[in-house]
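Participant: Can you keep this structure in mind? I'll have questions shortly.
Please treat every number below as a calculation from the coordinates, not as lab data. None of these values were measured; they are calculated from a predicted model. Here the Cβ positions follow ideal geometry from the backbone for every residue, glycine too, while neighbour counts run over all protein chains shown.
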Amino acid sequence: MKKLKVWRQGDVLFTQRIQEIPKDFEKNKDGIVAFGEVSTHAHRVDKTIANLYVKKSIDLAISHATAELMIVECLKEGQQVTHEEHESLSFPVGLYDNHKQVEWDWFSKMERKVKD
Amino acid sequence: MINELTPEQILRFPEFIKKWTDIGLSCEPANRSEVEAGVEETYKIAGLEKPKIVWCESPLSAGLTRAIILNLEKNNEWKEKIEASVRDSVMASVRDSVMASVRASVWDSVWDSVWDSVMASVRASVMASVWDSGYGQHDANWVGFYSYFKEVCLLDKQTQKLSGIEKITKNGGWWLPHKNICWCSERHNTLLRDDQGRLHSSNKPALSYPDGFSIYAIHGVRVPEKYILTQAENINVEDVLKESNAEVRMAVISKVGFQKFKEKIPHIVVSAKHNNELLEFELGDEKVRGLLVRWTDKFADKQTILPVPKTREEFLQWRGDEDDLPDDINDCEQVRISTFPGLIKKARAEAGANWMQAIEFVQET
């Protein structure tokens, strides 16, 4: 059985299943994968050894709020994704797709991104 | 050119870290005359006239007063922000002068020791929780950094332009410089932190200013005032579950105590796996489900409750795609994986029939 590798850093999770960066993605200069509104902590890409790609048409703030897919391109080995509270993630060189945790709003009956 | 620090100079790092951290965290009233002297000196260095100084009791009231006055005032000169010329340009000028006088390795060594240490204690824990950019005492990290070069490496000339800002940093809070007018704020008079240096108090403001402007925080997480000023046993736990921010939910649950929290709300454990539990709570007439997830980060063991759907219909509404639903909505692990959109469907495709076992959180932090 083929196993799916998953890397987790708090409420952010990465899998390795993308072969190339889609044409509708562009490099993001801020390098923030997810941002905590209350704690102000961030899941952050070390731009010296990795790049963050986000969908071209979507504003980054909306992208964060709606848990849109982002892609981390790891160019060199090292601690490519850091966070103030969580241990840093070290990936082999390659592309990683990012998934953000969501939850269910019992009262509005809608999905929402886990806000932190 | 300073090529390297002497052992005696290196030994003075802790002294500067302590001194400037204390300045950054000081709750003493501002020394107004010293701040005013510093402002005057800084304006003079920038080639500007001495401004009118308006004192406020907190950064909030300074910001509000400024907004009101600038809105009323027809004199456009007052509206001209000169932060760039009096603060940023001084910082850039001093940086260039000091950099030209010391080797990169010396710069890095002082940066790592003084700048980073004070930054971690002052800016990261206090400022980051309160505002985007800061002045006065919260500039302690970078002013302390250059102060080391001035006092220990005797780079007087190179750091001369900093003297006014150093006075303000040592003696007061925020300052908002405009042409001809400068709003200055008092320092905070309460500052409570946990052993990790994060803003923290479970029963009073973690940070407050003389005019009452306060920040409430539990282990660095800003929470509504009501959860701090209400005793743990009187907190309405249903309100906590309704909080839309997971960090706030977790912070308040930590104040109530997780066991007490669960005891207060009738619930059953639907299933459990990997130290996580799928719980069903009775909230009034309604039954809702929450995923109790536990993990460990750099600081502590943590746990929180993520609201999740209770019925297959709700899951479908959540996902919008039958293929992306857990096979068993009562299975804690399947429900946990379903909190990451798109993963279930992908996992099935990747791993085949036995897909639930194929998921591996190989590096969970």
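Participant: Give me a single rounded figure for A:96-103: the average over its residues of other chain Cβ atoms within 10 Å of their Cβ.
Facilitator: Across the residues of A:96-103, the mean count of other-chain Cβ atoms within 10 Å is 5.
Participant: Here's a follow-up. Please compare each pair in B:Lys204/B:Lys302; A:Lys55/B:Lys273; A:Lys76/B:Lys273 to a cut-off of 27 Å on the Cα-Cα distance and tell me which ones are over it.
Facilitator: A:Lys55/B:Lys273; A:Lys76/B:Lys273
Participant: Right, next: Show me, for the range A:95-102, the HN-Hα J-couplings you get by feeding each phi into the Karplus relation (A = 6.51, B = -1.76, C = 1.60, θ = phi - 60°), rounded to Hz, glycine and proline as x.
Facilitator: 10, 9, 8, 10, 10, 10, 5, 10
Participant: Tell me the net charge near B:Asp211. Cut-off is 9 Å between Cβ atoms, B:Asp211 excluded, with +1 for each Lys or Arg and -1 for each Asp or Glu.
Facilitator: -2
Participant: Right, another one. Can you pull the mean other chain C-beta count within 10 Å for peptide B:313-323?
Facilitator: 2
Participant: Let me ask something else about it. Average partner chain C-beta neighbours within 10 Å, per residue of B:344-350?
Facilitator: So the per-residue partner count for this stretch is 3.
Participant: Whole-Hz ³J(HN,Hα) for each residue in the range B:165-174, computed from phi via Karplus 6.51 cos²θ - 1.76 cosθ + 1.60 with θ = phi - 60°, x for glycine and proline: what do you get?
Facilitator: 5, 4, 4, 5, 4, 6, 10, x, x, 4
Participant: Could you list B:Arg12, A:Arg44 in order of exposure, starting from the residue whose Cβ has the fewest other Cβ atoms within 10 Å?
Facilitator: Arranged by neighbour count, lowest to highest, B:Arg12, A:Arg44 become B:Arg12, A:Arg44.
Participant: Can you put B:Met250, A:Met70, B:Met91, B:Met99 in order, fewest other beta carbons within 10 Å first?
Facilitator: The order, fewest Cβ neighbours first, is B:Met99, B:Met91, B:Met250, A:Met70.
Participant: In debye to the nearest 20, how big a dipole does the range A:6-113 give about its Cα centre with +1 on each Lys and Arg Cβ and -1 on each Asp and Glu Cβ?
Facilitator: Result for the range A:6-113 is approximately 260 debye, rounded to the nearest 20.
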